[in-house]
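Derivation of every value follows stated rules applied to the coordinates shown; laboratory data play no part. As the structure is a prediction and not an experimental result, all values here were calculated from the model. Note that each Cβ is placed from the backbone with ideal geometry, even for glycine, and that neighbours are counted across all protein chains shown.
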């Protein structure tokens, strides 16, 4: 029995429930009325090349930290942040300190990158992104 992989992949990709990672980001950006590349890049503290890869290659998966930066930049709630991470193949683990702190940040609506990094550093964990002074 030959499996028509290409047809199955097309069906899954075209399913309304299965929007791509970039389509999800676009959806969030449109909700905030700021879908200009430069605004997304600035708001989320991501670099131009990463944004370009996400935009041009639907199979490109950015790092977990990049997705967390996007979630913070768009002030996603915990469920939305987890959906974004899941689209990239990641999750917020309940047994990892850094992930637990991000869960708390999203649930307590702490979106300021400086504050999040301060909390991470206070807990001897790797900070996220780069923050301009």
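Points worth noting:
- Relative packing of peptides 112-124, 81-93 - highest average C-beta neighbours within 10 Å first: 81-93, 112-124
- Subtracting the Cα-Cα distance of residue 96 and residue 39 from 0.36 nm times their residue separation leaves 17.4 nm of extension gain.
- Subtracting the Cα-Cα distance of residue 61 and residue 108 from 0.36 nm times their residue separation leaves 14.2 nm of extension gain.
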